[in-house]
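Trainee: Structure in structure tokens, see below.
The values are calculated or read from the model by the stated rules, or taken from the named source; none is laboratory data. Note that the structure is predicted; figures quoted are calculated from it, not measured. Here the Cβ positions follow ideal geometry from the backbone for every residue, glycine too, while neighbour counts run over all protein chains shown.
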Amino acid sequence: MSPHRLDVLDLTAHRCRELLEAGDVSATELARLYLHRIAAVDGAVQAYLLVDEEGALAKAAAVDAKPRGERLPWEGVPIGLKDIFCVKGMETTCGSRILKGYHPPYDATIIGKLRAAGLVFLGKLNMDEFAMGSSTENSAFQTTHNPWDLERVPGGSSGGSAACVAAAEAPWALGTDTGGSIRQPASLCGVVGLKPTYGAVSRYGLVAFASSLDQIGPLTRDVKDAAALLDIIAGRDPRDSTSIGLPEPVGTPSRTDLEGLRFGVIKEFIGEACEPGVREVFDSAVEMISSLGGVCEEVSLPSVEQGIAAYYLIAPSEASSNLARFDGVRYGHRASGADDLYEMYTRTRSEGFGPEVKRRIMIGTYALSAGYYDAYYAQAQRTRTLIIRDFAGAFDRFDFLVSPTSPSVAFKIGEKTADPLAMYLSDLCTIPVNLAGLPGISVPAGFSQGLPVGLQIIGPHFSEKGMLGAAHALEQRLALPLVPPLAEVAR
């Protein structure tokens, strides 16, 4: 099959694998197909901060040099990477001026796993600076646009990864999720986004935002691809003491019904904060779950209403500690002309960090300071314990919990930048999942105002296999047309 006759909008990672295994397309042809796609549409989308054309073609050529019978299953399939992972020799900025020009001397564990699997790296994807944001407007370099409406945000902080997959600039991508940063952009861009259980995937080589919350996961065009990418990157890593891995590989989801499963509909996530159009799509999805044999009942988790308040004390506190290392001494930007060390520190951080990062560092430093630690940080941790207990109680009754992924569809660029609190509410439905360390997945469930709406499925710890099976069954029944207008124009 000639690559010129391939429609990139039809390609999932599984389909890429099938074409490569059959010899219908070479790895070089597939890489060139995506590089051509990036050149055609990324000027409008602005998903990529760096496109590694030379590296991608060199890797693809090495794959083509191997006999097909000796190749690994995913060898030659392209992938996009959020610019928060250390990739040896490739610039890693975390969307921040303070790391402009930084080239890590080592690979993150998940990068090593991707290399071992033979995947082709297309480049680094835009993000909110140090993963702090819900719209990808906090990047120091560019604003990524939603392929469904270029005047709207793609969500964040993994907005570049979600927009890249939605616009078919890569068959799949990796992102990170600290408070919803995979699932919320997946919802807004009409793709699948999976946040694994905390500890399922090594964080070694991930530039940390909030270490007790961060987790790496896939953004893909369908649930089967999400399961496959999770199996590639999951695992225990001695270099990350918090990593556990998964009890077993999740394999390929094949479930077609939801018979015997009980779903709790989280009452607190479908209130006034939820847009009417989003609520309508969610209600239809709940009906679909019932039609597939699942039993749906409302459940109340009272403590999740304090989730955002707790998160915005815990996450900034951990960020304040993690970002202390960016001081102009060891790597990254260093202010010039300083008269002494203190002035160099101050000017470096003032010049290098953006407004949202500075805001969160100040909040976190205040919350950890003497006299305020118990009143703020310690109280937030106690609230976190209550949230964990509420989820545990719900899972005594239900196999999975469901909610809208985001209370709104994609909002317009600039609409919420002047109101940080309004922006923080974008993660209303996702933050409690991170506080409890649970797995969650967002799958496209329908449309409101012509824009995608995601359904969030939440499972108990390490229930990824069953959760992905349930998501696959629902995805197959919904069979939504998920080609954004930008993609159609650029065919």
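Trainee: Please go through region 230-249 and pick out each residue that is among the hydrophobic types (A, V, I, L, M, F, W, C) and more than 13 Å from the chain's Cα centre (by Cα). Even if it seems obvious, please write down each step before you answer.
Mentor: Looking only at region 230-249, we keep the residues that are among the hydrophobic types (A, V, I, L, M, F, W, C), and these are 230, 232-234, 244, 246.
Selection gives I232, I233, A234, I244, L246.
Trainee: Would you mind stating whether E75 is in the same structural domain as L229 (by TED's automatic domain parsing) and in contact (Cβ under 8 Å) with a residue 12 or more places away in the chain? Please lay out each step first, then the result.
Mentor: Details: in the same structural domain as L229 (by TED's automatic domain parsing): yes; in contact (Cβ under 8 Å) with a residue 12 or more places away in the chain: yes.
Here the answer is yes, as E75 does meet what is asked.
Trainee: While we're on this one: When you check G180 against the structure, is it closer than 17 Å to G133 by Cα, assigned to a strand (DSSP E or B) and in contact (Cβ under 8 Å) with a residue 12 or more places away in the chain, yes or no?
Mentor: On the way: closer than 17 Å to G133 by Cα: yes; assigned to a strand (DSSP E or B): no; in contact (Cβ under 8 Å) with a residue 12 or more places away in the chain: yes.
So G180 fails the test.
Trainee: Anything in region 261-275 that is touching a residue at least 60 places away in the same chain (Cβ under 8 Å) and either over 24 Å from A473 (Cβ atoms) or not in a helix (DSSP H, G or I) (or both)? List them, or say none.
Mentor: Within region 261-275, L261, R262, F263, G264, V265, I266, I270, A273, C274, E275 qualify.
Trainee: Which ones in region 356-375 are out of contact with any Asp or Glu (no Cβ under 9 Å at 6 or more places or on another chain) and within 16 Å of G95 (Cβ to Cβ)? Break it down stepwise before answering.
Mentor: Just the residues of region 356-375 that are out of contact with any Asp or Glu (no Cβ under 9 Å at 6 or more places or on another chain), to begin with: 358-363, 365-375.
Of everything in region 356-375, those that are out of contact with any Asp or Glu (no Cβ under 9 Å at 6 or more places or on another chain) and within 16 Å of G95 (Cβ to Cβ) turn out to be K358, R359, R360, I361.
Trainee: Would you check if I79 is under 18 Å from the mean Cα position of the chain (by Cα) and over 12 Å from A31 (Cβ atoms)? Lay out the reasoning, then the answer.
Mentor: Numbers: under 18 Å from the mean Cα position of the chain (by Cα): yes; over 12 Å from A31 (Cβ atoms): no.
Here the answer is no, as I79 does not meet what is asked.
Trainee: Something else: Considering F282, F353, which residue is among the aromatic types (F, W, Y) and over 30 Å from P104 (Cβ atoms)?
Mentor: Numbers: F353 fails: over 30 Å from P104 (Cβ atoms).
Of F282, F353, the one residue that is among the aromatic types (F, W, Y) and over 30 Å from P104 (Cβ atoms) is F282.
Trainee: Out of V357, V329, V304, I need the residue that is outside any helix (DSSP H, G or I) and of a type in the set (V, I, T). Which one?
Mentor: Details: V357 fails: outside any helix (DSSP H, G or I); V304 fails: outside any helix (DSSP H, G or I).
Result: V329 is the single residue among V357, V329, V304 that is outside any helix (DSSP H, G or I) and of a type in the set (V, I, T).
Trainee: In region 221-247, what count of residues is obtained for those that are part of a helix (DSSP H, G or I), surrounded by 24 or more Cβ atoms within 10 Å (Cβ to Cβ) and touching a strand residue (DSSP E or B) at 6+ places or on another chain (Cβ under 7 Å)?
Mentor: So the answer is 5.
Trainee: Applying the selection to region 95-142, what residues are in a loop (DSSP other than H, G, I, E, B), surrounded by 24 or more Cβ atoms within 10 Å (Cβ to Cβ) and of a type in the set (A, V, I, L, M, F, W, C)?
Mentor: Initial filter on region 95-142 (in a loop (DSSP other than H, G, I, E, B)): 95-96, 100-108, 118-119, 126-128, 132-142.
Narrowing further to those that are surrounded by 24 or more Cβ atoms within 10 Å (Cβ to Cβ): 95-96, 108, 119, 126-128, 132-136, 138-139.
Of everything in region 95-142, those that are in a loop (DSSP other than H, G, I, E, B), surrounded by 24 or more Cβ atoms within 10 Å (Cβ to Cβ) and of a type in the set (A, V, I, L, M, F, W, C) turn out to be A108, L119, M127, M132.
Trainee: Right, here's the next one. Considering region 143-173 alone, what residues qualify as being buried (at least 24 other Cβ atoms within 10 Å of the Cβ), part of a loop (DSSP other than H, G, I, E, B) and either polar (S, T, N, Q) or in contact with a Gly (Cβ under 8 Å, 6 or more places away or on another chain) (or both)?
Mentor: T144, W148, V153, P154, G156, S157, S158, E169, A170 - these are the residues of region 143-173 that are buried (at least 24 other Cβ atoms within 10 Å of the Cβ), part of a loop (DSSP other than H, G, I, E, B) and either polar (S, T, N, Q) or in contact with a Gly (Cβ under 8 Å, 6 or more places away or on another chain) (or both).
Trainee: Further question on the same structure: For region 322-359: of the residues being buried (at least 16 other Cβ atoms within 10 Å of the Cβ) and hydroxyl-bearing (S, T, Y), which is modelled with the lowest pLDDT?
Mentor: For region 322-359, the residue satisfying everything is Y331.
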